[in-house]
């Protein structure tokens with residue numbers, strides 16, 4: 001038996017030695033004597049890009065229909081129908097990729113990196129819902145976003161959160177947006193895609209942690225409706241800003257508000273604004289003083305945010321793979337703890353020098369230090385502006401939707417007793 | 001008094017008007033500026049994820065990290081590079097006693113490689129994609145003891161083309177990157193891909 005194997009062992013040893021000399025083609029290609037022909041190289045399926053453009057067309061069509069349903073037709077049932085359609089098409093059929101929420105990262109990656117060109121479809125997915133928000137409010141959230149739709153359809157018994165909790169949680173999307181844009185621009189991670197809670201449900205296949213996260217959010221969403229949209233969605237933060245300046249927005253009442261207060265508790269998203277009370281002269285003075293204080297403090301907030309993020313820069317850089325790997329290698333060098341992670345093993349095999357790695361690490365940290373103050377400044381600025389906005393009286397005389405927070409879901413329509421006859 | 005009231009009201013509405021108009025311009029500006037800024041950096045065809053077989057170290061992450069089960073990563077065979085060996089490093093486990101198609105001798109855990117006799121002493125190895133789970137064991141075997149004609153690629157039919165590829169994030173050798181959709185596969189026989197300028 002051993003005799004039979006011996007030549008193979010010799011060949012094996014010889015070839016291992018020989019392979020060190022010639023990396024490719026250790027074994028000469030055979031010269032076939034029979035009429036053997038090489039099989040064709042398996043040429044697998046090529047992805048067609050037509051479907052992506054179809055997506056853009058469907059997106060524009062769905063946005064138009066939703067805008068019409070929300071602003072003109074005022075049909076809650078129609079909006080729910082659109083939600084079902086979008087959930088099925090963008091969610092379960094197209095598996096949730098690419099969505100405008102994630103396209104934020106493609107845009108920032110393309111803006112700040114010369115080696116990445118953004119696909120036209122991704123750019124359109126980013127811009128088109130914003131244009132619609134500028135025209136008709138957050139109609140994208142109402143019936144086109146698959147992430148919103150899955151929550152909209154599972155929110156059965158809304159509960160109101162305490163005002164303070166609502167305010168604090170509602171600021172999270174802005175922080176998430178700033179950090180996600182920063183990380184995408186630094187080529188580090190696509191955080192939004194990574195922690196997308198529902199894409200696993202659309203695909204019925206994901207890391208179990210994400211599936212559990214999604215399921216928990218849906219469970220919480222039964223009571224606190226649309227938890228992802230309200231307290232996490234970074235694209236929602238951008239839509240929030242754009243929608244505030246929308247030209248034509250959904251209104252609760254089809255005609256003049258009669259202040260019957262029936263719609264007061266209709267909104268599960270805390271997005272119905274009460275009429276402004278007319279302030280007394282003393283209150284007016286106080287408000288003006290607050291207004292001036294916050295205006296003066298805006299630069300202070302911005303600077304403070306920039307400073308905090310400047311100091312956080314290296315910490316955030318630590319999440320980047322190269323920096324983590326450099327830390328591991330340095331630890332091995334200094335204290336002898338062997339680096340065993342797959343990254344470290346691959347690094348040792350790849351033949352890159354440690355100096356190269358450490359230079360790269362320094363460059364990444366430097367990039368983060370340079371860029372993160374902008375993210376912090378943006379957060380400080382938004383905080384300042386939101387505080388100023390608190391002191392502005394709009395002179396509302398009736399109940400109106402909060403243009404930034406309103407998802408145009410249409411729940412408030414049925415509470416309004418004002419009727420407009422169709423003949424008019 | 002009334003005159004003053006109306007004047008004040010007038011002033012108020014125009015100020016609010018001013019703020020809302022200024023805001024509108026302020027948010028519209030980036031919306032117009034963005035496509036202009038990115039006009040030279042937009043591709044019409046987009047990208048797909050693909051593995052560079054010349055960087056791949058067959059760590060096995062492709063099998064476990066893809067959002068699809070089984071993974072969208074499959075093994076492909078560049079026949080023109082193959083030595084058609086009898087003792088195939090990609091087909092047979094190391095230190096096998098007999099060279100045969102017995103299951104105990106096969107390296108592939110799912111038995112996805114078929115071995116066919118061509119002529120003395122050559123054998124042809126074909127991969128059954130439906131069985132392959134992208135573990136890369138045969139690829140490693142073929143590179144360690146062979147011409148390296150087996151290599152891993154992402155099958156674009158199975159790939160969901162996630163915006164953030166889970167395997168790309170985990171790949172320790174940076175082998176997975178976005179490639180232009182015009183060239184969705186990197187054929188190993190064609191040599192290393194030329195980076196786009």
Within the stretch B:53-81, residues more than 10 Å from chain A (Cβ to nearest Cβ), in contact with a helix residue (DSSP H, G or I) (Cβ under 7 Å, 6 or more places away or on another chain) and either over 23 Å from residue B:191 (Cβ atoms) or assigned to a helix (DSSP H, G or I) (or both) come out as B:62, B:71
Going through the stretch B:100-125 in order, the residues found to be at the interface with chain A (Cβ under 9 Å from one of its Cβ atoms) and touching a helix residue (DSSP H, G or I) at 6+ places or on another chain (Cβ under 9 Å) are B:124
Residue hits (the stretch B:82-95; within 21 Å of residue B:120 (Cβ to Cβ), surrounded by fewer than 20 Cβ atoms within 10 Å (Cβ to Cβ) and more than 7 Å from every other protein chain (Cβ to nearest Cβ)) are B:86
Expected single match for farther than 20 Å from residue B:80 by Cβ, touching a residue at least 24 places away in the same chain (Cβ under 8 Å) and in the same structural domain as residue B:76 (by TED's automatic domain parsing) among B:158, B:150 is B:158
ask   = Within the bounds of the stretch A:388-403, is there any residue that is closer than 23 Å to residue A:173 by Cα, part of a loop (DSSP other than H, G, I, E, B) and within 24 Å of the chain's Cα centre (by Cα)?
value = yes
Taking the stretch B:37-81 and keeping residues buried (at least 21 other Cβ atoms within 10 Å of the Cβ) and at positive phi leaves B:46, B:58
Review point. Do we have any residue at all in the stretch B:38-45 that's in a loop (DSSP other than H, G, I, E, B), under 20 Å from residue A:98 (Cα atoms) and at pLDDT below 90?
Key: yes
**Asked** Out of all the residues in the stretch A:152-171, is one or more assigned to a helix (DSSP H, G or I), within 17 Å of the chain's Cα centre (by Cα), closer than 15 Å to residue A:229 by Cα and more than 8 Å from every other protein chain (Cβ to nearest Cβ)?
**Response** yes
Only one of A:50, A:69, A:88 is free of Cβ contacts under 8 Å to residues at least 12 places away in the same chain and over 23 Å from residue A:192 (Cβ atoms), namely A:50
Within the stretch A:120-133, the residues that are surrounded by fewer than 23 Cβ atoms within 10 Å (Cβ to Cβ), touching a residue at least 24 places away in the same chain (Cβ under 8 Å) and in contact with a strand residue (DSSP E or B) (Cβ under 9 Å, 6 or more places away or on another chain) are none
Only one of (1) more than 7 Å from chain A (Cβ to nearest Cβ); (2) in contact with a strand residue (DSSP E or B) (Cβ under 7 Å, 6 or more places away or on another chain); (3) under 25 Å from residue B:172 (Cβ atoms) does not apply to residue B:48, and that is (1)
| query | Quick one: would you say residue A:191 is touching a helix residue (DSSP H, G or I) at 6+ places or on another chain (Cβ under 8 Å) and more than 10 Å from chain B (Cβ to nearest Cβ)? | reply | no
Picking from A:30, A:7, A:44, the residue that is closer than 26 Å to residue B:48 by Cα and at pLDDT below 85 would be A:44
Counted residues in the stretch B:126-167 being surrounded by 22 or more Cβ atoms within 10 Å (Cβ to Cβ), on the phi > 0 side of the Ramachandran plot and facing another protein chain (nearest Cβ under 8 Å) come to 2
The number of residues in the stretch B:168-194 that are in a loop (DSSP other than H, G, I, E, B) and facing another protein chain (nearest Cβ under 9 Å) is 8
Query raised in the report: Do we have residue A:347 as assigned by TED's automatic domain parsing to the domain that holds residue A:381 and at pLDDT 90 or above here?
Result: no
Going through the stretch A:94-106 in order, the residues found to be at negative phi and either within 7 Å of chain B (Cβ to nearest Cβ) or surrounded by 22 or more Cβ atoms within 10 Å (Cβ to Cβ) (or both) are A:97, A:98, A:99, A:100, A:101, A:102, A:103, A:104, A:105, A:106
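The values are calculated or read from the model by the stated rules, or taken from the named source; none is laboratory data. Just so we're clear, the structure is a prediction, and the values are computed from it rather than from any experiment. Note that we place each Cβ from the backbone using ideal geometry, even for glycine, and neighbour counts take in every protein chain shown.
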